Each structure stands twice: as C-alpha cells, then as structure tokens.
Amino acid sequence: MEEEGPGATVHLLCLAASSGVPLFCRSSRGGTPTRQQLPFSVIGSLNGVHMFGQNLEVQLNSAKTEDTTVVWRSFHDSITLIVLSSEEDTSELRLERLLQMVFGAMVLFVGLEELTDIRNVERLKKELRASYHLIDSFLGDSELIGDLTQCVDCVIPPEGSPLQEALSGFAEATGTAFVSLVVSGRVVAATDSWWRLGTPESVLLPWLVGSLPPQAARDYPVYLPHGSPTVPHRLLTLTLLPGLELCLLCGPRPSLSQLDQQLLERWWQPLLDPLRTCLPLGPRALPDGFPLHADILGLLLLHLELKRCLFTVEPLGDKEPSAEQRRRLLRNFYTMVTTTQFPPVSPAEKEAGSRRVPGPESGPAEKAEDVVRSAQQPRACYVVLGPGSGWQFMALHLGMRLLLLLLSPQSPTYGLRSLATNTLNALTPLL
C-alpha cells in the first residue's frame, strides 16, 4: 500500500452500449479536472474489446498494464462506463465503486428511462451535461469518502438534540418527511425518513449539495436511483448560514415561495448559536474538545448497518503528512482492508446468516460451525509503511463498526490495538 503519485491521471468514458457512440469523456490529473480527451481510436478500441468479449459470452471486467488499470461496467445493457487510472496501486474495488457512483449521478439528473431507452443520442448528451460537475467531483481529490465506502459522510454536532427537534418540527410544518442539515457535503442531522433513503441517493444528495456553488435557495429536480428512478422529486435547499444548508426532498409541495422567511425564523432563529458551532465541523467531523489520542493523524469510522461514516484527517491541527496525503493514505488503507481482511457481506450471505442463527433447536454440529466461523473472522490488522515515512495504520472490526486509524511513527506498535479499542469505545455513542 503506497501513496498515489501527484500527477496520476484518471479518464472516464461513457458510451451507448448498443452503438458505441461516446456520450461524454471526463478526465482529471492529480485530483484536478482537466480538458484532456482520449483519442477516438483509443475509445473505440476500449469499447471494441469489451463488446468482442460479450459476443463470445466472456465478461471483461478489468485489465492492467504496466502503468494503467482499466475497469469496464455495463448498466442495464444500455450504458457502458470505462475508467482508466494511472494512479499507483489503484484497486479494482475503488474504480468499480467510482463507476457505480457515476451511473447513479447520471440517473439522479436524467432518470433511468432516458438511459435505458435512448431515442435521441444528441439530446441525451445535452441533458447529461448537468451531471458533469458532480461527476468531476468524484474524479477529484474530495474531502469526502462516501463514494468509496458507500456510506453517508456525517459530522457530530456539539448540540445535536435541539437541532434534531427543530428538524422534526420544521418537517411537520412544511409537510415533508425528508429533511436534513448539510455542512460541506456532510449530514449534520436528518429526519428518520431521510436516513432511510437507499444507496446511492443517500450519498449522492448531500454530496451534490456540497459540490454546488453557494446560493441562497435552490429548487432542483432529481430522480432517486434506488427509490424513484423514473419519477422525479424536488430537492429544495435553503442556506441558513454560509456553508450550512437545510435540504428538503419533496413532491410538488411545498413550493419554494411557501418556505418564507417567517417560517425559517420561527424554527431556526433561536438556534443560531448551535448552528454556528456546526460550521467548523466540515473538515474535522468531531466537535472541539473531543478526546482523541495525540498520535492519531486521521480516522475513518463506519457503521456498516446504518451506512454512515465519520471521516477526518484534521483531528489535532497541522502535522505531517498533509491533509491531502492523509486522505489518500486512508482511502488506500480502506480499500486494502476491505478487499483482503473485511470483505463486505453480500445480501445473499446476510440472508443465509439470518436463517442460520443458533437457537434451542440448533444441533451441536450447527452451533460448533457458527462458533468456528465467528472465530475465523478477522478482528484487527495493522500496517506500517516502509522506510522514509513509518506511518502506521490500524483497523479494528467489532460488530457493525469498522474503525481505521492513521497513526504517527512515534506510536508504539504494541499499543496500537489498545489505542484503537479505546478510540472505538469513545466514538461508539456518537455513531
């Protein structure tokens, strides 16, 4: 596991599967969007080899050269997405999830029907332009990690209870059940209905709000890739403070004009001080004064059942490495432990496991098998980078929570497990 090169290039191609006509090409270099385009001959070759395999009933998913990783993914036999990355040691998992998020963003803006029944290619190209800024944010060096973990990026406000009460009251007053507070693309608080949104819209909606330029109010038509891919909803956003937005997901009502200043002042004017304390939470995720060990340079906590995560690389101010390097290192470490140590459980495995819960009627052999299986599951792992850096990583998996830590070289190896356990115990009441 190494740090990615600063000049690494990522190319994303989208084509109509039946005709091979390119719908768009987006690129980034060193985490910054660029206008660099691949030659049409290269695009045709990449799509051609994929189609050739399909005609022979061979599914081509990925390929590697000396300096590039390529991943193909078809959606609904209508859209083909191809990503090429020259980032060092890029994993297929990361690129596959990138393509899933990109297709989700396409559905979010134009709807699934437009993508599965392409009647006018040129019109679809124009409609997809609205999704470019969101797609480019996936290719860039984002401060968020939901695109990789498929969990909602969250922050923990110092005064969560009054904000939650105000959200519930405001939702009832406006007649919509889906309301949230978002700061810098991260959810501060949300109603129960918002938390029950499926993947990927639960990740895409706050990410979209965080990627848009500042605006006092917005009324955005959006499709929900999981919950409503063919019928659009409305995403209303209202800026309470610079960087802190109130988001509503609703149908035809309420109109933006109905959310007048008097209604906002009634629910949010008394909470100005708690709202202001949310503003610095964007990069830090945790409130000031939260007890963290001085050796922790970054952390990622995931609740695998609730599909929420806390991600910060700025827990204790400025230290080496830089925040950008820490994000890259933690993303790489998450990819490594997910593919090698703690692979995600498939829905079929979850269902089989629920049917196999030991009970009074279970025989000794079944109980013994469950005990052995549980004992064989890894609980922790650590990695120390090679000479020149010495940064250490620790992963701890307990129940539905997975904690990943980036630690300074001075932290003693023998104490990593204890440090991670104490940190997880302190964070558990929060997520």
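The values are calculated or read from the model by the stated rules, or taken from the named source; none is laboratory data. Since we're looking at a predicted model, the values are computed, not measured. Please note: Cβ atoms are built from the backbone with ideal geometry, for glycine as well, and neighbour counts cover all protein chains shown. Accessible surface is based on the protein model in full, side chains and every heavy atom, while ligands, DNA and RNA are left aside. Shrake-Rupley method; radii C 1.70, N 1.55, O 1.52, S 1.80 Å.
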Dimensionless Rg over Rh [the range 152-284; C-alpha; Kirkwood]: 0.92
Cα centroid separation - the range 110-178 against the range 208-228, whole Å: 6
Average projected area [Cα convex hull, the range 33-82], square nanometres: 4.5
Kyte-Doolittle mean at least -0.5 and Cα axial length at least 15 Å: DSSP H helices in the chain: 40-55, 92-110, 160-174, 416-427
Mean Cβ neighbour count within 10 Å, used as a protection proxy, ranking 20-31, 408-419, 56-67 highest first: 20-31, 408-419, 56-67
Among P274, P254, A171 the positive-end extreme of the charge dipole of the range 152-284 (Cβ point charges): P254
Cβ-placed point charges (K, R +1; D, E -1), dipole of the range 9-141 about Cα centre in debye, nearest 20: 440
Lys, Arg +1 and Asp, Glu -1 on Cβ, resulting dipole of the range 152-284 about Cα centre, debye, nearest 20: 220
Highest-first arrangement of 180-192, 242-254, where packing means the average Cβ count within 10 Å: 180-192, 242-254
Relative contact order of the chain, defined on C-alpha pairs under 8 angstrom at six or more residues apart (%): 13
Where Rh is the Kirkwood radius over Cα pairs, Rg/Rh for the chain: 0.98
Partnerless Cys - the chain, beta-carbon criterion under 4.7 Å: C14, C25, C154, C247, C250, C278, C381
Kirkwood Rh, Cα atoms: Rg over Rh of the range 246-311: 1.12
Estimated dipole of the chain in Debye, rounded to 20 [Cβ of Lys and Arg +1, of Asp and Glu -1, Cα centre]: 240
Residue-level accessible surface for E314, protein heavy atoms, 1.4 Å, Å²: 70
Span from the the range 254-310 Cα centroid across to the the range 8-47 one, whole angstrom: 37
Cα gyration tensor shape for the range 9-141, rounded if a/c is under 1.5, else prolate or oblate: oblate
Sum of -39500 (n - 2.57) over DSSP H runs of 4+, divided by residues of the chain (222 nm, nearest 500): -11000 deg cm²/dmol
In Å, descending, principal axis extents of the Cα set of the range 199-241: 31, 17, 14
